[in-house]
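Each remark here refers to the structure printed beneath this line.
None of the figures in this text is laboratory data; all of them are computed from the coordinates on show. What you see is a predicted model, and the numbers here were worked out from it, not measured in a lab. As a convention, Cβ positions derive from the backbone with ideal geometry for all residues, glycine included, and neighbour counts pool all protein chains shown.
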Amino acid sequence: MSSLLYREDMDEVRERLTLWWNGGDIGRPAMQITAPRPQPLEEITAMPQPDGWVTRYSTRNFDYRVNLGARACIDTYYLGDAVPVTAPDLAPNCLALYLGCHGIEMPGTVWCEPCIDRPDNARFEYDAENFYWQFSLRLGKEFLRIGKGKFLVAFPDLIEGLDTLAAMRGTEKLLVDLLERPDWVQQSLRQITDRYFHYYDILYDLFRDEVGGSHFWAWAPGRMTKFQCDFSAMISPRMFGEFMVPVLTEMSERVSYCMYHWDGPDAIKHHDHLLSIPRLTMLQWTPGAGVEPTDHKRWWPLYHKTVEAGKKLLIGCGSIENLKALKKEFGTGLKSFLINMGAASPEQAAEILDIATV
């Protein structure tokens, strides 16, 4: 094992997070805390932004993407259990791009243009020469080269299941397919899962660190990933149980550690299904736009139910006062949380860690 330029105590972080993920007691919740550095740790000259650049996911200029990745960690202290990483992300659904969608760059994101016009035209094949896959591989390998001894490389946001199928087919058409051709949907999900792990296994072998750990929104001591189904907001718990629970059950059994991106009030209805999946390690609650943030007491009943079911939780916390309120409410149960917080300085981060100790 070895330290990193941007996280000199990385060995200790690995040991602590290994204990936490495996049910051990680190005396507090896992805490991903970042703080701004007054001066960059390294002087890396910023390249001029290319003309027409609208999103950090862009594939318009490889060298600029490399420059963004090289500078991603230089202005930040990584404290508590936070880990310096960058990722060769191309969209919030890279698997759909690898499987044939065309990416439409929009301000702040990339939208996947559907590529399945008719069910009998659907193809879910591994294409080693796919432009987006080759770009991800090339960018990831370059991040590994320039980040060696400095930062880790995280997985791109692959995504799976109904969200990937919706990106490829179109949301409205897939809603009809669920009713009119459920067998085709199931067959498509089977192929998407197989393709997911074809890509995932290649990326894991590339990006894993010297102890076999990997990173997706958090570091874990093995095959780590994030699952989701934002599409679930539009379907009933019965349909979620029929189409997504088997996918999530299988996928969670094929990795070592995982979280589920649980997005928005319309997805709350699937809570019981999520808690029923034995190997789904953690829920990452995202309330959605225009509602109370993750540290608000409105969501505490969901958190109690999750912790009592033996799952972990990933949430953000916006202030020291809100952290104190969470500690008072959950007591030792707070040790099952992974909490993201910003701090003004390393000194304030130390204060936050002291307050978080249960």
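Some notes on this structure:
- The stretch between E43 and L275 holds 78.9 nm of extra length on full extension. This uses 0.36 nm per residue minus the Cα-Cα distance.
- Footprinting exposure proxy for T109, T225 (fewest neighbouring C-beta atoms within 10 Å first): T109, T225
- Net length gained if the chain between E172 and E292 were fully extended (0.36 nm per residue, minus Cα distance): 40.3 nm
- Summary of the geometry: the stretch 261-283 and the stretch 286-351, compared by the centres of their Cα atoms, lie 17 Å apart.
- Nitroxide proxy distance, nm - points 7 Å out along Cα→Cβ at F131 and E15: 4.9
- FRET efficiency, L68 to E347 (Cβ-Cβ, R0 30 Å, nearest 0.05): 0.55
- Entries of K305/K328; K269/K324; K297/K327 with Cα pairs more than 22 Å apart: K269/K324
- Between Q191 and R56, the FRET efficiency estimated from the beta carbon spacing at R0 = 30 angstrom works out to 0.50.
- For K150, the lysines whose Cα falls under 28 Å of its own Cα, not counting residues fewer than eight places away in the same chain, are K141, K226.
- Antiparallel DSSP beta bridges within the chain, as percent of all bridges there, nearest 5: 35
- Neighbour counts of other Cβ atoms within 10 Å put F124, F207 in the fewest-to-most order F124, F207.
- Among 69-80, 267-278, 158-169, the order from most to least packed when residues are scored by Cβ within 10 Å on average: 158-169, 69-80, 267-278
- 12 Å Cα-Cα reach of K312 towards aspartates and glutamates, excluding residues that sit fewer than 8 places from it in its own chain: none
- Solvent-free Debye calculation, one equal scatterer per alpha-carbon of the stretch 10-356: log10 I(q)/I(0) at 0.06, 0.08, 0.11 Å⁻¹ equals -0.22, -0.39, -0.77.
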